[in-house]
1. What whole number of Å gives the distance from the Cα centroid of the range 208-251 to the Cα centroid of the range 85-99?
2. If each DSSP helix of 4+ residues adds -39,500 (n - 2.57) and the sum is divided by the residues in the chain, what number results at 222 nm, nearest 500 deg cm²/dmol?
3. What do you get for Rg/Rh over the range 127-167 if you use C-alpha atoms and the Kirkwood form of Rh?
4. Kirkwood Rh over alpha-carbon pairs of the range 7-83, then Stokes-Einstein at 25 °C and 0.890 mPa s: what D in µm² s⁻¹, rounded to an integer?
5. Could you grab the Rg to Rh ratio for the range 342-389? Cα atoms only, Kirkwood for Rh.
6. Taking a label point 7 Å from the Cα of residue 389 along the Cα→Cβ vector, which residues of the range 342-367 have an amide N closer than 14 Å to it?
7. For the range 275-334, with equal point scatterers placed on the C-alpha atoms only and solvent neglected, what are the log10 I(q)/I(0) values from the Debye formula at q = 0.12, 0.13, 0.14 1/Å, to two decimals?
8. Please state, rounded to one decimal and in Å, the Kirkwood hydrodynamic radius that the range 198-345 gives when every pair of distinct Cα atoms enters the mean of 1/r.
Ligand SMILES: Cc1cc2nc3c(=O)[nH]c(=O)nc-3n(C[C@H](O)[C@H](O)[C@H](O)COP(=O)(O)OP(=O)(O)OC[C@H]3O[C@@H](n4cnc5c(N)ncnc54)[C@H](O)[C@@H]3O)c2cc1C
């Protein structure tokens, strides 16, 4: 019997497990496969490093700049806000460090356990069933946290959420490649597309980089991810950064993430909370979700601690997870980003093309564009009129 059963030992589940275990609670962290390398760009915001000083000790180069390209390859180069930065990591390494932190704090990690359903007694959730190489296992607990990402079976089995529809997702394909390149290690390279999505090159080290592309919304149906990924690799505008003809492929994979923002009506129920990708905590347009996965994991853990102390695991108590100010801020921020999608991508990305052309001519306008990308500032009417008039 555990106090909390967490399904999924990715960034959200591991953070949740660590906070609960540090507070002295008995935590089971169920993971389908610790050797799985989550398909991801691996860009991690500096705020995550505040929670994991062990990542800072790895001395990974800090990335503070962005080289952005519009669909017709106009370019805008800028440095990020204040002392914020990102690091790029191989997800296999990141996830194992975060899991280790949870285990060191006292959480019990059960690897090769694929959770597929709840156990019920008198219509109340009392446990989780998993498939393991040795057969079906059962884990009993007081509170259940669903942290098993996009492919979660429990989120659906909980009855508070339906299955994803294809246009609610983003579909991405990425690789880690190695070889001589013309990339500046202090920058990430972003290439907006005429369709909903973008391509990226994120330097991991001098020779290694993560490269990928994704589509989202209705464009998941219009475009084939494998074809556009190949087109991206073959594109002369990309090749100028990657002049080698034969990069060593360390790993390639494809996967999806939720693209419509937080599922705010489906985050909690009686003795249940949903965190990270399973709850839609991925930033629309940019696809960043590691930071918000970790934050949602921490806040769910803090909520569970209060519930365990008061022995109240009801939906009525757990609603404070959704009502948390940081969660509210994430939901609001994602809604603003979603409201900008049409503007970004209408007329095959022409607004973005014009925006980058104008940025070159007008330094005041450039500053507004940078603020929009760095601080999520919403463009004013004047700003939009200027683009329309260009
Ligand atoms: C192509 C792509 C590129 C991305 N690039 C970035 C980026 O550069 N920066 C960024 O911040 N975000 C990025 N994201 C988003 C980021 O990967 C996720 O938001 C983040 O990993 C979410 O963390 P999580 O813990 O909620 O879920 P996950 O990282 O998906 O972890 C879920 C865990 O649960 C396990 N699991 C799954 N099913 C089960 C089951 N049934 N039973 C037990 N365990 C299970 C999995 O093995 C995994 O360990 C990208 C996503 C994609 C698809």
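Just so it is clear, none of the values below were taken in a lab; they were calculated from the coordinates. These numbers were taken from a predicted model, which means no experiment stands behind them. Ideal geometry is used to build each Cβ from the backbone, glycine not excepted, and the neighbour counts take in all protein chains shown.
1. Between the Cα centre of the range 85-99 and that of the range 208-251, the gap is 22 Å.
2. Details: 14 runs with 147 residues, N = 390.
After summing the helix terms and dividing by the residues of the chain, the value is -11000 deg cm²/dmol.
3. Numbers: Rg = 12.2 Å, Rh = 11.9 Å.
We get a ratio of 1.02 for the range 127-167.
4. Working: Rh = 15.8 Å.
In µm²/s, the coefficient is 155.
5. Numbers: Rg = 10.0 Å, Rh = 10.8 Å.
Taking Rg over the Kirkwood Rh, I get 0.92.
6. Under cut-off, by backbone N: 358, 362, 365.
7. Those come out to -0.30, -0.34, -0.39, one per q.
8. Working: mean 1/r = 0.0560 Å⁻¹.
After inverting the pairwise mean of 1/r, the radius is 17.8 Å.
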